[in-house]
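Single-structure report; data block below.
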Amino acid sequence: MGNLQIAIDGPAGAGKSTIAKKLAEGLNITYIDTGAMYRALTYKVLKENIEINCKEKIIQLAETTNITIVHGDVYIDNQLVKDEIRSQEVTKYVSHIAQIAEVRKILVGFQKKIAEQHSVVMDGRDIGTYVLPNADIKIFLTASIEERAHRRYTELLHKQQQVSFADVIDSIKERDKIDTEREFAPLVKAADAVVVDTTGLDIEAVVEKIQQIIAKKLQN
Ligand code: CDP
Ligand code: CDP
């Protein structure tokens, strides 16, 4: 049998990273957070003071930057990056950069390569539709906008970041809009994905639910 491919897609705050990481641990396979790759490139664009509207320069940067994930850690040109790719500034601009088709093709190339070499749980926006269209299992994770924003707000408060709930809701709505409306590989449920609405469900309940979906699919 080839490598196992589990695709988890959905909007911001649905719980993709948290759940995907736990599923991968349980199955003892590789977890790939593709959002972290888009964030890493955005971080580098901002660090190099490249104009956010300068598509050519951003594409050029993507072509010459090596972004990898090893044991869940993200590296830009072999340099480990951590919280810096989760800053509010990166969050603000990442969807703008992720809508550039040429940028996506480069990062998708890295993602496909990893999935060729390892069994993976991969989370993002276009995994089931574009990156791994033949994935063994596809989950579309979602939750109400209020709950997703509330989760993100709680997380930011724990990190002692000063934000208002209204700003968090607006920022998530804006990102969701750009992600679903972009022309190339937008955020959309794959026809063969199972929808899991996590509104009102805690992490353990969601993990259990998806583990059952996986077990059932793999039996067939
Ligand atoms: O903040 P959150 O964890 O929800 O987002 P993320 O998974 O870190 O992704 C950050 C951004 O990267 C998304 O809002 C998308 O614009 C972009 N992204 C994408 O376009 N395609 C992916 N496969 C993953 C992320
Ligand atoms: O990756 P994505 O943006 O979809 O979400 P995440 O970063 O995994 O989760 C956002 C926040 O919601 C984290 O602080 C999780 O601990 C929390 N969460 C939750 O409270 N209940 C869930 N069922 C899933 C996630």
Checklist entry - What is the extension gain from Glu51 to Lys189, computed as 0.36 nm multiplied by their sequence separation minus the C-alpha to C-alpha distance, in nm to one decimal? => result 46.5 nm
Checklist entry - Exposure proxy check: Thr142, Thr65 ranked by fewest other beta carbons within 10 Å? => result Thr65, Thr142
Checklist outcome for this item: In nm, the gap between the two label points placed 7 Å beyond Cα toward Cβ at Ile59 and Asn3 is 2.8
Checklist entry - Which of the aspartates and glutamates could be linked to Lys92 by a straight reach, that is with a Cα gap under 17 Å, when you skip same-chain ones fewer than 8 residues away? => result Glu48, Glu51, Asp83, Glu84, Glu155, Asp167, Asp170, Glu174, Asp176, Asp179, Glu181
Checklist entry - For the pair His118 and Gln219, what calculated FRET efficiency results from E = 1/(1 + (r/R0)^6), where r is the Cβ-Cβ distance and R0 = 22 Å, to the nearest 0.05? => result 0.45
Next on the checklist: Can you compute the equivalent ellipsoid semi-axes for the chain, i.e. the square root of 5 times each eigenvalue of the Cα gyration tensor, sorted largest first and rounded to whole Å?
Outcome noted: 26, 22, 16
Item to check | Residue order, fewest to most surrounding Cβ atoms within 10 angstrom, among Arg151, Arg104 | outcome: Arg151, Arg104
Checklist entry - Of Gly124, Gly15, Gly72, which has the largest mean-square fluctuation in a 10 Å C-alpha GNM of the chain? => result Gly72
Checklist entry - How long is the gain from Asp136 to Glu181 if the chain were fully straight, where each residue apart is worth 0.36 nm and the alpha carbon distance is subtracted? => result 13.5 nm
Checklist entry - Measuring from label point to label point, each 7 Å out along Cα→Cβ, what is the Glu102 to Lys21 span in nm? => result 3.4
Checklist outcome for this item: Largest fluctuation, Asn66, Asn28, Asn134 only, Gaussian network model of the chain with Cα springs under 10 angstrom, belongs to Asn28
Checklist entry - Rounded to the nearest 500 deg cm²/dmol, what is the calculated helix-only ellipticity per residue at 222 nm for the chain, with -39500 (n - 2.57) per DSSP H run of length n ≥ 4? => result -16000 deg cm²/dmol
Next on the checklist: If the elastic network links every pair of Cα atoms under 10 Å, which of Thr64, Thr129, Thr198 fluctuates the most in the Gaussian network model of the chain?
Outcome noted: Thr64
Item to check | Tensor-based shape of the stretch 72-123 (alpha-carbon gyration tensor, a/c under 1.5 rounded, otherwise prolate or oblate) | outcome: oblate
Next on the checklist: What does the extension gain come out to for Phe110 and Asp197, with contour length at 0.36 nm per residue minus their alpha carbon separation?
Outcome noted: 28.4 nm
Item to check | Cross-link pairs Lys105/Lys216; Lys16/Lys216; Lys173/Lys209; Lys16/Lys177; Lys22/Lys138; Lys112/Lys189 - those with Cα-Cα distance over 22 Å | outcome: Lys105/Lys216; Lys173/Lys209
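FYI, it's all coordinate maths here, none of it is from the lab. Bear in mind the structure is a predicted one, so any value in this text is a computation, not a measurement. Note: ideal-geometry Cβ built from the backbone for every residue, glycine included; neighbour counts use all protein chains shown.
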